[in-house]
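See below for the structure under consideration.
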Amino acid sequence: MKIIDLHCDTILHLMDQPHLNLYHNNLSVDIEKLQAGNALAQFFALYIDLAKQENPLQYCLSMVDVFHREMKIQQPYIALAQNYQDLLFNQQAGKISAFLTIEEGGALQGRLENLRNFYRLGVRLLTLTWNYPNEIGYPNVEERYEVQGLTDFGKEVVAQMNQLGMIIDVSHLSDQGFYDVAALSNKPFVASHSNARAIRGHRRNLTDDMITLLAQKGGIMGINFSGNFLAGSNWSRVDDMVRHIKHIVKIGGIDVVALGTDFDGIEYQLEISHLGNIDKLINALVCNGFTTGDIEKICYKNAIRIIKECL
């Protein structure tokens, strides 16, 4: 089974620990583990903590440099992909595709030219917020932000991303921000690493109404492997992933579910610690009555549709 994972935080660790490399390391994501999991594509997030970075733009640019240097070093095995054609080309060359993303719209520092420049550097997905308010909008981390929507600049960012051909990611965005994106975007959008709030009542997860609307807009949501967002525990279990998937499919249909592991951004124990263990989830889905066609959609085909339609 091919796999596309919409979110990992691996580049942050390579940035902070220069002795690490992408081919073989002690993290959840490296090329050996991606190969073991039959990864077709991995989305690599450039994660920024605004509380720790005085200059988020410069920090993000430094992470872009780390990413591109690794792509050059590991070029026999992995290559940047910026659209569906690149994905096909890399697949035919026997390489994993690496999609570059930013997790924190504050990296733009309120300027659309920074978005365009990141696009030129290969970035194809932007998670609009992380856990702090920024120039684009508000996070879902606190109840007081729930009704706070996109700023005027945030609305410009949505329009510019549509025009450029970038994927808008609403994971971490406030509830009202989600609805603003749904109203404004003329392309499908994603929640790259979010689960179902009805199963685990965490603000990071989507309500049934959001799942329904996301599906109506042709978008997808990547199942997050963190135990905190699955069941509120320190243990990430496959059974809990299946519970979320079954609920999301019941509410939004099979076309709305994808994988967004959040690997290397999870502080909890993992039953699936890397993609080499992904058969545990696939086998559990089979045991719960999912067809091969269903599982293909969850594992990679729904993500491919978004890549085709947005990029």
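Averaged over residues, the count of other Cβ atoms within 10 Å places the peptides 15-21, 289-295 in the sequence 289-295, 15-21, highest first.
Placing +1 on each Lys and Arg Cβ and -1 on each Asp and Glu Cβ, with no other charges, gives region 119-267 a dipole about its Cα centre of roughly 380 debye. For region 168-279, the normalised intensity computed at q = 0.11, 0.19, 0.21, 0.23 Å⁻¹ comes to -0.31, -0.90, -1.08, -1.26 (log10 of I(q)/I(0), Debye sum over alpha carbons, equal scatterers, no solvent). Considered as an equivalent ellipsoid built on the Cα gyration tensor, region 1-44 has semi-axes of 19, 11, 6 Å, the largest given first. Note that region 1-133, at 25 °C in a medium of 0.890 mPa s, gets a Stokes-Einstein diffusion coefficient of 163 µm²/s from its Kirkwood radius over C-alpha pairs.
Computed from backbone phi, the HN-Hα couplings of region 130-141 come to 10, 9, 10, x, 9, 5, 8, x, 10, x, 8, 6 Hz, rounded to whole numbers (Karplus: 6.51 cos²θ - 1.76 cosθ + 1.60, θ = phi - 60°; Gly and Pro given as x).
Ordering 125, 215, 17 by the projection of their Cα atoms onto the charge dipole of the chain, which places +1 on the Cβ of Lys and Arg and -1 on the Cβ of Asp and Glu, puts 215 at the extreme positive end.
The dipole here belongs to the chain: it is taken about the Cα centre, uses +1 on the Cβ of Lys and Arg and -1 on the Cβ of Asp and Glu, and is about 760 debye. Residues whose amide H falls under 5 Å from that of residue 167, counting only those 5 or more places apart or on a different chain, are 125, 126, with hydrogens built in the peptide plane. Dipole magnitude for region 1-99: computed about the Cα centre from +1 point charges on Lys and Arg Cβ and -1 point charges on Asp and Glu Cβ, it is near 280 debye. Dipole orientation for the chain: of the candidates 225, 29, 253, 253 has the Cα lying most toward the positive pole (charges on Cβ; Lys, Arg +1; Asp, Glu -1).
Residues whose amide H comes within less than 5 Å of that of residue 196, counting only those at least five positions distant or on another chain, are 206 (H built at 1.01 Å from N in the peptide plane).
If the Kirkwood radius is taken over C-alpha pairs of region 225-311, then at 25 °C and 0.890 mPa s the Stokes-Einstein diffusion coefficient equals 182 µm²/s.
Between residue 80 and 98, the built amide H atoms are under 5 Å apart, and every one of these is 5 or more places off in sequence or on another chain.
Remark: region 28-87 is approximated by an ellipsoid whose semi-axes, taken from the C-alpha gyration tensor as √(5λ), come to 25, 13, 11 Å, largest first. With a cut-off of 15 Å between beta carbons, the residues surrounding residue 79 carry a summed charge of +2, where Lys and Arg count +1 and Asp and Glu -1. Using just its DSSP H runs of length 4 or more, each adding -39500 (n - 2.57), the chain gives a mean residue ellipticity at 222 nm of -11500 deg cm²/dmol after division by all residues.
Every number in this text was worked out from the coordinates using simple rules, so none of it is lab data. The structure displayed is predicted, hence computed values, not measured ones. Virtual Cβ from ideal backbone geometry, glycine too; neighbours counted across all protein chains shown.
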